[in-house]
Amino acid sequence: MATIRHFKDLRAWQQCREVRMAIRALVKNWPAEEKYRLVDQIIRSSRGPTAHISEGYGRFYEKENIRYCRTARGSLYETQDHLITACDDGIITEQIMQTHFDQVEQAITTVNGYIKYLKGLSVSKGGGVAEPTTKYGMPKSSTTESPGPENPLEADI
């Protein structure tokens with residue numbers, strides 16, 4: 001297993017970067033009228049995953065990292081939808097769409113694996129809710145007075 005010292009070492013980030021670069025190259029020759037429509041949308045959705053994975057990595061808390069990875073995964077699915085739209089609109093062929101679709105699908109699989117890994121870290125650290133080991137206590141007197149110096153709580157503190 002490789003040592004992760006930076007978000008750039010994460011396989012999920014690397015695959016999302018490859019998707020981003022492939023999409024950027026793909027849209028270079030798309031029709032000019034799509035520049036502020038589909039081109040802008042697919043570029044934005046393909047840029048999101050690397051940004052979200054790196055931001056989640058920087059949070060240093062597994063549950064927040066998972067949340068950002070889920071957002072990254074959503075952006076990858078959005079990218080797939082834009083590829084389908086480009087194919088439906090006749091901008092790219094079915095074969096080109098499928099090639100990029102499969103590349104995005106591989107990135108989704110890797111992000112899912114990273115999320116699963118992070119969930120395992122969270123559980124192994126005891127990330128769940130637990131009761132304190134001390135007793136809550138009740139007032140020593142049997143009256144309904146509020147606790148205070150004259151009426152302390154019994155507790156194992």
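Bear in mind these aren't lab numbers, they're just calculated from the coordinates by the rules spelled out. Because the structure is predicted, anything quoted here is derived from the model rather than measured. We place every Cβ from the backbone using ideal geometry, glycine too, and count neighbours over all the protein chains shown.
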- prompt: Given the Cα atoms of segment 7-124, and with Rh set as the inverse mean 1/r over their pairs in the Kirkwood sense, what is Rg to Rh to two decimals?
  reply: 1.03
- prompt: With a sphere of radius 13 Å drawn around the Cβ of Glu94, what net charge do the other residues whose Cβ falls strictly inside it have (Lys, Arg +1; Asp, Glu -1)?
  reply: -3
- line: Fewest-first ordering of Glu94, Glu34 by Cβ atoms within 10 Å yields Glu94, Glu34
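Grab segment 7-124 and count how many Lys pairs have their alpha-carbon atoms under 28 Å apart, sequence gap of 8 or more, or different chains.
Number of lysine pairs found: 6.
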- request: Answer with one residue from Ile42, Thr71, Gly58: the one whose Cα lies farthest towards the positive end of the charge dipole of segment 35-77, charges on Cβ with Lys, Arg +1 and Asp, Glu -1.
  value: Ile42
